[in-house]
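Single-structure report; data block below.
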């Protein structure tokens, strides 16, 4: 097994305690940092995402793998060309105003980060103005991802998407939505560019929308 395969294995199995050491060994053996990131970690998270979608593993296993990836990235960061860890661009993430749920959002954030994006997480109960302000501070953002996990906050999601659709930077961003009560139909109706039912699909959708 190559060093990069060992890294992938450690991430897939959620070995957060040892993954850093394995990444260091791969670097010491002369493996390229970007290859370790892409072929080792991001590839491993794609496998994890696939298994999750097929019902072979569940949220806890996915979280454990994402944590292991994070630990590995910490070791890699100094060796990566600046921005390689966020090579696919910036994505603004947040749960809409009135909604305090963050487990799903955090999982989506981890998976999207694992797919090579720089994630700016605004947290929960985020007012419309904050999304717009954040974009103005980060005009190179490619995607704004919004989550609503209650039927009562679906109107808030609708209002946030409407405000983004009416913004002067609308042609520069893609809008992604998700959350338990959200459907593809609702996403289409409110004018979002994409919808994903779970965190693994969210990472794939982000890549597609960003043209990666």
- Message: With the requirement that a residue be touching a strand residue (DSSP E or B) at 6+ places or on another chain (Cβ under 7 Å) and within 12 Å of residue 93 (Cα to Cα), what does the stretch 126-149 give you?
- Response: 126, 131, 134, 135, 141, 142, 143, 144, 145, 146, 147, 148
- Query: Tell me, which residue of the stretch 82-94 that is outside any helix (DSSP H, G or I) and in contact with a helix residue (DSSP H, G or I) (Cβ under 7 Å, 6 or more places away or on another chain) is farthest from residue 204 (Cα to Cα)?
  - Reply: 94
- Message: If the requirement is being touching a strand residue (DSSP E or B) at 6+ places or on another chain (Cβ under 8 Å) and over 22 Å from residue 139 (Cα atoms), which of these qualifies: 28, 102?
- Response: 102
- Task: For residue 116, state whether it is at pLDDT below 95 and on the phi > 0 side of the Ramachandran plot.
- Result: yes
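Anything in the stretch 17-35 that is at pLDDT 95 or above and touching a helix residue (DSSP H, G or I) at 6+ places or on another chain (Cβ under 7 Å)? List them, or say none.
Within the stretch 17-35, 18, 19, 20, 22, 23, 24, 25, 26, 27, 29, 31 meet the criteria.
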- Item | Which listed residue, of 47, 11, is under 20 Å from the mean Cα position of the chain (by Cα) and under 18 Å from residue 198 (Cβ atoms) | 47
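The values are calculated or read from the model by the stated rules, or taken from the named source; none is laboratory data. Computed from a predicted model, the values in this text were never measured in an experiment. Methodologically, a virtual Cβ is constructed for each residue, glycine included, from the backbone with ideal geometry; neighbour enumeration extends over all protein chains shown.
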